[in-house]
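Inspection log for the structure reproduced underneath, given as structure tokens.
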Amino acid sequence: MSDTEFLPINGTDFVEFYVGNAKQAAHFYQTAFGFQPLAYAGLETGLKDRTSYVLKQGKIVFVLTTALIPESPIAEHQKIHGDGIKTIALWVDDARKSWKETTSRGARSYMEPQTIIDEYGEVVLSGIHTYGETVHVFVERKNYFGPFMPGFKKWEPSYRPAETGLKYVDHIVGNVGWGEMNKWVNFYGKVLGFEQLISFDDKDISTEYTALMSKVMANDNMRIKFPINEPAEGKKKSQIEEYLDFYRGSGAQHVAMATDNIIETISQLRSRGIEFLHVPDAYYDTVIDRVKEIDEDLETLKKLRILIDRDEDGYLLQLFTKPVEDRPTVFFEIIQRKGAKSFGKGNFKALFEAIELEQSNRGTL
Ligand code: FE2
């Protein structure tokens with residue numbers, strides 16, 4: 001029996017962001033990323049304290065939630081962290097068992113198992129705490145046939161910009177505080193039965209100024225991959241430290257979303273105003289020596305500033321957005337895998353040098 005048999009996970013169910021203004025955030029994710037409207041909950045559905053918009057693209061579901069009253073814990077979360085990821089929901093067949101197995105292994109309960117029902121069936125939810133104020137909610141929806149879950153109505157605006165080719169969540173990275181990486185690696189190992197995929201230390205990921213340590217935890221079927229970052233000593237402040245300062249603690253740093261055609265996706269996102277990290281020209285002078293033969297035209301990749309990396313299984317193409325809120329915290333990664341199972345380690349140095357240029361522009365390096 002494999003270690004993770006006590007917690008089978010089918011995939012990421014949804015990612016919930018607590019934001020300052022869900023109506024405007026929904027417009028941003030529709031217009032800029034091409035997410036499609038799915039469901040809504042708010043005053044019109046009987047809620048008094050919050051509003052949520054649910055958007056979907058491929059298998060990716062985002063829930064954007066804002067507080068309607070200052071006493072709400074959602075308002076408190078937003079005040080402390082700014083716009084950020086509260087919930088990384090995991091799709092399971094048995095939410096009661098998932099809760100029992102994880103809490104009995106030491107997880108702190110966030111939500112005891114509960115069944116919610118409407119005319120489309122029932123959903124069972126439960127939840128546990130993870131790093132910072134982030135939580136995992138287990139979602140059991142095998143007996144549900146509505147748009148999202150009970151409590152939400154269909155959201156059907158006429159405004160529907162086209163999708164941009166985003167298919168599924170590839171991985172979600174957590175930034176944790178100094179000396180905490182191994183604690184959370186052990187948490188995912190012991191409490192959720194995940195295995196460590198790849199490990200690299202601060203010698204692997206460092207530039208002249210900044211450094212970090214990172215370990216990747218994944219579940220049995222590899223549909224859930226959680227790299228965990230912790231800052232490492234460098235000459236100047238690392239981007240992980242900058243995140244921790246502005247987020248006021250540990251939290252989710254980026255969601256990587258997969259596409260089958262990164263050239264098309266990045267072209268679309270750029271034309272819709274998404275800003276990406278600057279990749280220096282010099283990157284493209286040496287990249288082919290590192291990654292060897294690729295299917296794509298290098299000039300096109302250079303024009304779009306797409307990054308390339310290779311591992312023993314193949315290669316990958318990726319690019320990182322700038323933070324999508326005013327605090328330099330949460331951002332997105334667009335990734336296309338062509339065999340590679342890793343996370344772009346070879347790009348980290350090039351990437352960090354690019355990030356440091358941004359940091360130095362903000363005066364926070
Ligand atoms: Fe990533």
Please turn the phi angles of the stretch 183-193 into ³J(HN,Hα) values with the Karplus equation 6.51 cos²θ - 1.76 cosθ + 1.60 (θ = phi - 60°), one per residue in order, whole Hz, x for glycine and proline.
4, 7, 4, 5, 4, 5, x, 7, 7, 10, x
Quick check: the angle from helix 95-104's long axis to the longest principal axis of the chain, C-alpha only, nearest 10 degrees?
70
Mean Cβ neighbour count within 10 Å, used as a protection proxy, ranking 270-282, 27-39 highest first
27-39, 270-282
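Would you mind putting 234-246, 156-168 in packing order, based on average other-beta-carbon counts within 10 Å, highest first?
Details: 234-246: 20.3, 156-168: 14.4.
Order by mean packing, descending: 234-246, 156-168.
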Selected from Ser342, Ser214, Ser72 as most flexible by GNM, with the chain as the system and alpha-carbon contacts under 10 Å
Ser72
Spelling it out for Val61: with amide H atoms placed in the peptide plane at 1.01 Å from N, the residues 5 or more places away or on another chain with amide H under 5 Å from its amide H are Val15
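State which entries of Lys79/Lys322; Lys23/Lys183; Lys303/Lys349; Lys86/Lys183; Lys86/Lys322 exceed 29 angstrom in Cα-Cα distance in the structure shown.
Lys23/Lys183
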What is the distance in Å between the Cα centres of the stretch 243-294 and the stretch 134-158?
30
Please sort by residue number the trypsin sites (Lys or Arg not before Pro) in the stretch 25-126 whose DSSP state is loop and whose Cβ has at most 16 other Cβ atoms within 10 Å.
Lys48, Lys59, Arg105, Arg108
Cα centroid distance between the stretch 83-97 and the stretch 40-66, in Å?
15
Residue among Tyr247, Tyr110, Tyr18 with the largest mean-square fluctuation in a Gaussian network model of the chain, springs linking Cα atoms under 10 Å:
Tyr110
Would you kindly derive the ³J(HN,Hα) couplings of the stretch 5-20 from the backbone phi angles with the Karplus curve 6.51 cos²θ - 1.76 cosθ + 1.60 (θ = phi - 60°), listing them in order in whole Hz, with x for Gly and Pro?
5, 6, 9, x, 10, 7, x, 6, 8, 7, 10, 9, 9, 8, 10, x
Across Tyr315, Tyr120, Tyr131, the residue with the highest GNM fluctuation in the chain (Cα network, 10 Å cutoff) is Tyr120
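Net charge within 12 Å of Arg362 by Cβ-Cβ distance, Lys/Arg positive one each and Asp/Glu negative one each, not counting Arg362 itself? Let's see the in-between values first.
Details: positive: Lys237, Lys322, Arg327; negative: Glu242, Asp245, Asp326, Glu356, Glu358.
So the surrounding residues net to -2.
Just order 321-331, 223-233 by mean Cβ neighbour count inside 10 Å, highest at the front, would you?
Values: 321-331: 18.6, 223-233: 21.5.
Listed from highest to lowest mean packing, they are 223-233, 321-331.
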If you line up the long axis of helix 345-362 against the longest principal axis of the chain, both from Cα atoms, how many degrees apart are they, to the nearest 10?
80
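Readers should treat all values here as calculations from the given coordinates under stated rules, not as data from a laboratory. Only a predicted model underlies this, so the values are computations on that prediction, with no experimental measurement involved. Cβ: placed from backbone, ideal geometry, glycine included. Neighbour counts: every protein chain shown.
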